[in-house]
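Engineer: Once you've had a glance at the structure underneath, I'll fire off some questions.
Bear in mind that the values in this text are calculations on the coordinates, not laboratory data. Everything numeric here is computed off the predicted structure, so don't read it as measured data. We place every Cβ from the backbone using ideal geometry, glycine too, and count neighbours over all the protein chains shown.
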Amino acid sequence: MNSEPDRPDEDDPATTASSDEEASTADPADADPLAEAMARADENWNKFVRAAAELENVRKRAARDVENAHKFALERFATDLLAVCDSLEMALETGAEASVESLKEGNEATLKLLGSILQRFGVETVDPLGEPFDPAFHEAMTMQPSADAEPGSVLTVFQKGYALNGRLLRPARVVVVSEPAEMAETAEDS
């Protein structure tokens, strides 16, 4: 006696024929699950390939946009500065016949035009005359005693500074007020 249930022989032609008949009478959708899975896999693969290609196109487009942004970022600024160049060229052309007063007025107008262009693009002038010295925005060229100004304040501005949207481009070069000589000697004596 065998403890296993009776199984038909796999080599038995009668058993194989009945299995084929069962497969042919089954629902066609269930007939070939492997083929159906392969079709879905092919469809998903095509979707993946298209998505990967679209992602690569987006990357290339973004890189091109960033490159153009870097390349043409100053276009508006440069276009506005052309007016200053034109004004300076006109001054040079008429310089021989013009009076000193008209040249001075032309230079002042050109400087005013340049200042308005810089201001429009967020460039601010740092002109600290009379203000307390701030090493974040000022560069001390020298110190000079003064009875008229408070020690530690800016006495003279050699060169104005500039900031772009609050970020320092160039510090103002200044003379800082030191304590008067008499006060410094009194402090040393005590």
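Engineer: Scan region 86-98 for residues that are assigned to a loop (DSSP other than H, G, I, E, B) and in contact with a helix residue (DSSP H, G or I) (Cβ under 9 Å, 6 or more places away or on another chain) and jot them down.
Structural biologist: Passing the criteria: 95, 98.
Engineer: Within the bounds of region 89-107, is there any residue that is aliphatic (A, V, I, L, M), at negative phi and touching a strand residue (DSSP E or B) at 6+ places or on another chain (Cβ under 6 Å)?
Structural biologist: No.
Engineer: Within the group 62, 69, 109, 98, which residue is more than 20 Å from residue 163 (Cα to Cα) and surrounded by 13 or more Cβ atoms within 10 Å (Cβ to Cβ)?
Structural biologist: Unique residue meeting the criteria: 98.
Engineer: Using the structure shown, decide if residue 140 is outside any loop (DSSP other than H, G, I, E, B) and either polar (S, T, N, Q) or at negative phi (or both).
Structural biologist: yes
Engineer: Outside any loop (DSSP other than H, G, I, E, B) and more than 34 Å from the chain's Cα centre (by Cα): which single residue out of 101, 124 fits that description? Quick ask: steps written out before the conclusion?
Structural biologist: Working: 124 fails: more than 34 Å from the chain's Cα centre (by Cα).
Criteria check complete, one pass: 101.
Engineer: A further question follows. Could you list, in sequence order, the residues of region 133-153 that are surrounded by 13 or more Cβ atoms within 10 Å (Cβ to Cβ) and within 35 Å of the chain's Cα centre (by Cα)?
Structural biologist: Hits for region 133-153 are 133, 134, 137, 138, 139, 140, 141.
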